Amino acid sequence: MKINVNPARISAILVAAFFLSVLSSVAPLSLGGVGESLAQAAGAKVTVLPKKVEYKAGMVFISASGLKPNQEVGIRVMMGGVLSDVSYLVKPRPKTDANGTFATVWNLRREIRRKLLDMGKNGITIVDNDGNELAKGAIFFVKASSKKMKKK
């Protein structure tokens, strides 16, 4: 089995992770002493990169901000018609930092090979340990291009 690694895609994901980690290093503004940050007051946000994912083996960068600090969270996605917690499939496991943000990467090889994810829009839900919804996002799968690499 041959695995194609796209260095440009991996680099883009790492750059995005670095960018988000720099953004999250700015201390949040506290509101009224209740420990709620300005980001939390505005609502939690989920980011998935790339915006459109070709339906083939690859990696997806998932991050969220505006959550409670130092909190373990779960990531839920519909797979094979079943709502599934994919937190154990991502690296590193999602846990927010002191600013209420996290970033992780999901390798989709197994899920694509088994056709567990649907084409088009798939919802992603970030939940706390009790299963309470914290934030929602989406991942968009598009048909994989049929470009073949030319041998030199």
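The values are calculated or read from the model by the stated rules, or taken from the named source; none is laboratory data. Just so you know, these numbers come straight off a predicted model, no measurement behind them. Ideal geometry is used to build each Cβ from the backbone, glycine not excepted, and the neighbour counts take in all protein chains shown. Remember, those area values only see protein heavy atoms, side chains included, never the ligands or the DNA or RNA. Shrake-Rupley method; radii C 1.70, N 1.55, O 1.52, S 1.80 Å.
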*Please determine, by comparing only the residues of the stretch 39-85 that are surrounded by fewer than 15 Cβ atoms within 10 Å (Cβ to Cβ) and among the aliphatic types (A, V, I, L, M), which one is nearest to the chain's Cα centre (by Cα).*
Leu83
*Name the residues in the stretch 129-148 that are in contact (Cβ under 8 Å) with a residue 12 or more places away in the chain and either small (Gly, Ala, Ser) or open to solvent by 30 Å² or more (accessible area, probe 1.4 Å) (or both), would you?*
Asn129, Gly131, Leu134, Ala135, Lys136, Gly137, Ala138, Phe140, Val142, Lys143, Ala144, Ser145
_the stretch 94-121, residues that are open to solvent by 90 Å² or more (accessible area, probe 1.4 Å) and either part of a strand (DSSP E or B) or at pLDDT 95 or above (or both)_ = Lys95, Lys121
_Suppose the filter is modelled with pLDDT of 90 or more and of a type in the set (Lys, Arg); does Lys56 pass it?_
no
